[in-house]
Amino acid sequence: MSIRRLMLGVLIFSIAFFLLGCTGSQVSLSSPTPESNDVRDINGVWQVLGSAHWNLEGQNAFKGPATNTIGALGGIPAGVSYVVGGSIPYREEAVAQRQRNREEWNKYDPAVKCYIPGLPRQTYMPFPFHIVHSANKVFIAYEFGSNSRIIHLDRPGTRAELPSWMGYSVGRWEGNTLVVVVTDQVAETWLDASGNYHSDELVVTERYTPMGEDHMKYEALIEDPKIFTRPWTIEMTLYRRKGVDARILEYKCVEFAEDAVYGHLRKDAESTEPAVKNLF
């Protein structure tokens, strides 16, 4: 194990204990099987399997931007719709922007540049995440970009002083379902890689409902009156990783995006235009 990875692990452990340990509850950083008398135990490493990251509304498989170099492995997979009702209810004036995003998604998608995906997208990126919780806090560490967030169970009705990439999360338990309201996110994130987007008025209400020892139902109610005609919901399943896979590793994507974002600034660059661009 490299020193860099060891330091990352120590940092995650330290943050979790600092933020959660003050409650006096014991917190397991392993991936335990929930005890039968504790239906609120969702500690563990989880991941969405499927194509939600590519397109929430579903799609046929198609040729991707890397197929010229790696052939069939560069194709974009087909997928089902995760949107309840099948389609996203855009306002008429917002459809044109979504279409512009979609036409050159590989240049404009913020995640291509290693920007923090925001919520709910961070949940269904094709990477695992680790949930650690106690009575008052839930800490989630995500593999993609080594991002993280805190869900406050002890601050009902509060908001952030400033918007941020992951927003501000306030949660509560409804039976064995963890309900989280996410506010104060910046507008510069997308909902998937197909150009579905939002404004700075986005409010996301997440629901994590255990459906057995090793899977949970994930629901997210999307509200944004600037972009959508009404609230709409996505649904998918979270699966618990077990055995040697019950861990998150390091995916520091900044170094992978540097050439695409800043390569045109080199003295010997063949082009004066970046490979990926900003819409904002």
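Computed from the coordinates by the stated procedures, all read-outs in this text should not be read as laboratory data. Here the structure is a predicted model, which is why all the values come from computation and not from measurement. When we count neighbours, we look across all protein chains shown, and the Cβ atoms used for this are built from the backbone with ideal geometry, even at glycine.
Couple of notes before you dig in:
- Charge tally in the Cβ shell below 11 Å around Val84, where Lys, Arg are +1 and Asp, Glu are -1, Val84 excluded: -2
- Applying D = kT/(6 pi eta Rh) to the range 35-93, where Rh is the Kirkwood radius over alpha-carbon pairs, T corresponds to 10 °C and eta to 1.306 mPa s, the Stokes-Einstein value obtained is 108 µm²/s.
- The peptide list 96-104, 199-207, 46-54, put in order of mean Cβ contacts within 10 Å with the highest first, becomes 46-54, 199-207, 96-104.
- Here the spin labels are modelled as points 7 Å beyond Cα on the Cα-Cβ line, and at Ser199 and Asp214 they lie 4.5 nm apart.
- Per-peptide average of other Cβ atoms within 10 Å, ordering 189-197, 126-134 highest first: 189-197, 126-134
- Cross-link pairs Lys63/Lys242; Lys137/Lys217; Lys63/Lys252; Lys107/Lys252 - those with Cα-Cα distance over 29 Å: Lys63/Lys242
- Above 16 Å, the calculated P(r) of the range 149-192 contains 40 percent of its Cα-Cα pairs.
- Straightening the chain between Arg230 and Glu273 buys 11.6 nm, computed as 0.36 nm per residue apart minus the Cα-Cα spacing.
- Cubic angstrom per residue, convex hull over Cα atoms of the range 105-201: 107 Å³
- Per-selection metrics, the range 205-256 (Cα): Rg and Dmax in Å: 16.1, 45
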